[in-house]
């Protein structure tokens, strides 16, 4: 699969259709986000798998926002999984990226990763490499839904109380781009405190992500204290789906909440 | 157009978190925690996530300063280095090497601390070297 | 640290004492939360109810400076119940009898009165720690910044040896180093008594070895001055010139009014830094260096892991690489140095430093290496003291409780302790020049218990005047249940309200570490700016 991706990226760069390809590269014994401009470098391209599938995933679409803004004259190729494609769609919708400036190169995630992510669609619509495997359902959400309300409330409070206020969930998020963050708004929560206000800090962010989250799971991976954020946001997905018939990351238009 | 990522180690606490500094056209624009780091596995604290912010602060020192008539004034490197070396030499010559003292730094690299103590010991001739390990 | 950070997550018990881990070492705290998830018991002993105490199985708030009393009582309970590890004590340690004699004379009730912790909780602590298969102690400046800092550390070592919790995975006595390269600065000989790799300056063989390697035997075979001794030397006129590399002693040192006075008096002060710090403002020459993002090199973290630092951008303006500045000064001083790069310096470090012997830039790609790493084939050392201690057998030290150097009285009735907060770092030189970080806590504050606040007529946000026997500052009041009555807390990051004007410069006689964590203060409402 990786050879197909390398070949396609090479073709894009050599044809002059793109001026840079944002992907991942093996260097310094690690896997790093990298903007390929020379086709020769593509030999070291990596899909984000070091010891196991997808253990070195990065929010490439987020990095592309700044690069593309600084260089409106260029067109960029970008390596995308299913979740990255969903984030691209969301960023187009919110005018953070111009689809005319972006050429996605999609590949499918393997079984193992689809399972670990409980991903509804572990491949992009435009999939140019890899075997598509079927989507999974949200078992983690179902497990929490099965709890008694009081037990569930305690569970989440206990999880949120571990927060060390790194803001990593926001900083890693491919669809967090607001100039003024609601987590810094005194009208919504008590700011300038440590630990942050529980459970409000995380609920404010969760509500803000309604209509935006694309279920990439990078927030949970970035959390130093292991708060199951992905499960929280999957629940938001389920609510948006059942109450508004809106599928976050999959629906083509902006969420109905954004019209309020 | 030049976008690069440099894998490095945090300058704040002793955890030793690894991250990439994102550089766009010569400016540091962000910090990306390294997912495969043995110490932080793709996570950071608030200080780490924002460590790039102070790097290009306009208050950074950009020129040597020498005190003249009570005021710190900009100087060129030749003058600053010559003046410093000659003052250190003058004091060591007059009152002995132990009249000089050196503060090493928990912020600087191993290589820098090593040649600094080498300068103090082998160059100047004093063991008066310490840093804020206790603070 | 004797052990590695990743091992913490597999410990059966984690005993955190004098470390506000989730604020000051967040990525070590990660492992504590994971361990808890896996079923570990967590004990926290800290004068404040720190954040990580919220998940503890047992959290106690000891009175300031009573750690030895607490730990000796814990060991008394362990011995009385035969929870100690006889085989470990027999095979790996010495001095147990004298130690046991001291502990036999300890009264848990007396300790309870001294520490403010109930006997029941002391017994519970002992039981949880001693009965765990693997127990890991994490400590930080809350243990060391005392006039009894060395006693505190030795007492923790006694506890670990008593229960056989040393030299195995997920055990140990683990100090969390506060600064990114404080470990490396010590390893590299940035200390008055040792060359790199802790080779003693007083040792004849080490002296000869380094004199040969450096082609200069100018340095004496006597230990040099520590920072507090340098300050005294300046005052007495024996130290006339000071070269400060990337440090800010005016804010970081205790009784800072006194330090400032000394530095104002010195004949020649050179400061090499990245910002014009309060210390640099007093300098005769200021040399602009490079920050971590602008240099190649290595840092050594708290678990002895040597890791690469890589240059991302050029230093601003005419600022230069620090190693180049030092090299230039050395050469102009009359000791020419000709390194081509940090890599070349590391080659020399490896050649003269046994514990770094196998370290090279090539080998640091990937995960880095944990010293001791004596040769290029050695894969590094994950945990120390595996089969024996550095000195052979582990030595029990009978340590008696000693009170802090300063006590509260009618004039100074409250206990003050100091520390870091989650969004700031040390003297604030970097963090307060970072907009995101400085927006979290833009100004200094005083944390106190609601009852103390009520008695003093202070409300949330009120400006308070805090005075010790050495100085006075003002800070905004934060009322919190996380402190118990009689103890207050002020962070040390804010130069305009520098708590180190209040702290006590009394030092541990051996480690020369000042007693930042305990002093007596009086507080009143600041009617002028409130």
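Any read-out appearing in this document is the output of simple, stated calculations on the displayed coordinates, not a laboratory observation. No experiment lies behind these values; they were computed from the predicted model shown. Neighbour counts are summed over all protein chains in view; Cβ atoms, including those assigned to glycine, are modelled from backbone coordinates with ideal geometry.
Exposure proxy for A:75, C:274, C:78: other Cβ atoms within 10 Å of each Cβ, ordered fewest to most, give A:75, C:78, C:274.
Only beta bridges with both residues in chain C are counted; by DSSP, about 40 percent of them are antiparallel. This ranking places C:198, C:139 by how few other beta-carbon atoms lie within 10 Å of each, fewest first, which gives C:198, C:139. Our helix-only sum for chain A, with -39,500 (n - 2.57) per DSSP H run of n ≥ 4 divided by its residues, gives a mean residue ellipticity at 222 nm of -11000 deg cm²/dmol.
Quick one: angle between helix A:149-161 and the longest Cα principal axis of chain A, in degrees between 0 and 90, rounded to 10, please. Once rounded, one gets 60 degrees.
Averaging the sequence gap over all C-alpha pairs within less than 8 Å and six or more residues apart, then dividing by the number of residues, gives chain A a relative contact order of 15 percent.
From its DSSP helices (H runs of at least four residues, each -39,500 (n - 2.57)), chain C gives a residue-normalised ellipticity at 222 nm of -8500 deg cm²/dmol. Placing R0 at 45 angstrom, the Cβ-Cβ distance between residue A:245 and residue C:496 gives a FRET efficiency of 0.20 after rounding to 0.05. Shape class for region A:38-115: oblate, because the ratio a/c of the largest to smallest gyration tensor axis (alpha-carbon atoms, square roots of eigenvalues) is 1.5 or more and b/c is at least a/b. For region A:139-255, the relative contact order works out to 28 percent when only alpha carbon pairs closer than 8 Å and six or more residues apart are counted. In region A:2-117, Cα pairs under 8 Å separated by at least six residues give a relative contact order of 25 percent. Relative to the longest principal axis of the Cα atoms of chain A, the long axis of helix A:229-244 makes an angle of roughly 80 degrees. Separation of region A:188-260 and region B:79-135, taken as the distance between their Cα centroids, equals 54 angstrom.
Here the Gaussian network model covers chain A, with springs between Cα atoms less than 10 Å apart; of A:83, A:181, A:213, A:181 fluctuates the most. In chain B, the DSSP-assigned H stretches of four residues or longer account for a calculated mean residue ellipticity at 222 nm of -7000 deg cm²/dmol, using -39500 (n - 2.57) per stretch and the full residue count as denominator. Once Rh for region C:5-176 is found with the Kirkwood sum over Cα pairs, what is the Stokes-Einstein diffusion coefficient at 37 °C and 0.692 mPa s, in µm²/s? Answer from the Stokes-Einstein relation: 209 µm²/s. Within region B:101-135, find all residues whose amide N lies under 17 Å from a label point positioned 7 Å from the Cα of residue C:347 along Cα-to-beta-carbon. Answer for region B:101-135: B:111-112, B:115. Largest GNM mean-square fluctuation among A:111, A:131, A:151, using chain A with Cα springs under 10 Å: A:151. Averaged over the residues of peptide C:12-25, the number of Cβ atoms from other protein chains lying within 10 Å of each residue's Cβ is 2.
Listed peptides C:505-514, C:380-389 appear in the order C:505-514, C:380-389 once ranked by packing, highest mean of other Cβ atoms within 10 Å at the front.
When the alpha carbon gyration tensor of region A:151-238 is reduced to an equivalent ellipsoid, the three semi-axes, largest first, read 17, 17, 13 Å. For the protein assembly as shown, the convex hull drawn through the C-alpha positions has a volume of 178 cubic angstrom per residue. Within 10 Å of the Cβ of each residue in A:154-165, the mean number of Cβ atoms contributed by other protein chains is 3. Determine the shape class of chain A: with a ≥ b ≥ c the square roots of the Cα gyration tensor eigenvalues, call it rounded for a/c under 1.5, and otherwise prolate if a/b is greater than b/c, oblate otherwise. Because a/c hits 1.5 or more and a/b exceeds b/c, chain A counts as prolate. Placing a label point 7 Å from the Cα of residue C:257 along the Cα-to-Cβ direction, the residues of region C:459-488 with a backbone N closer than 17 Å are C:465-475. Note on chain A: with a GNM built from Cα contacts shorter than 10 Å, the maximum mean-square fluctuation among A:141, A:207, A:40 falls on A:40. Considering all different alpha carbon pairs of region B:96-135, the Kirkwood hydrodynamic radius works out to 10.3 Å. The order of C:361, C:356, going from fewest to most other C-beta atoms within 10 Å of their C-beta, is C:361, C:356.
Within 10 Å of the Cβ of each residue in C:267-277, the mean number of Cβ atoms contributed by other protein chains is 5. Taking only Cα atoms, what is the 0 to 90° angle, nearest 10, from helix B:77-95's long axis to the longest principal axis of chain B? Once rounded, one gets 50 degrees.
The label point for residue A:137 and the one for residue C:267, both projected 7 Å from the Cα toward the Cβ, are 8.4 nm apart. Can you figure out the FRET efficiency of residue A:153 with residue B:94, using R₀ = 60 Å and their beta-carbon distance, to the nearest 0.05? Result of the calculation: an efficiency of 0.20.
With a simple spin-label model that places each label point 7 Å from the Cα along the Cα-to-Cβ direction, the separation between residue A:184 and residue C:80 comes to 5.5 nm. Taking 0.36 nm per residue of separation and subtracting the current Cα-Cα distance, fully stretching the chain between residue C:37 and residue C:198 would add 54.1 nm.
For region B:23-135, DSSP calls about 75 percent of its internal beta bridges antiparallel.
Between residue C:205 and residue B:67, the simple label model (points 7 Å from Cα in the Cβ direction) yields a spacing of 4.6 nm.
Calculated FRET efficiency, residue A:74 to residue A:1, Cβ-Cβ distance, R0 = 25 Å: about 0.40 to the nearest 0.05.
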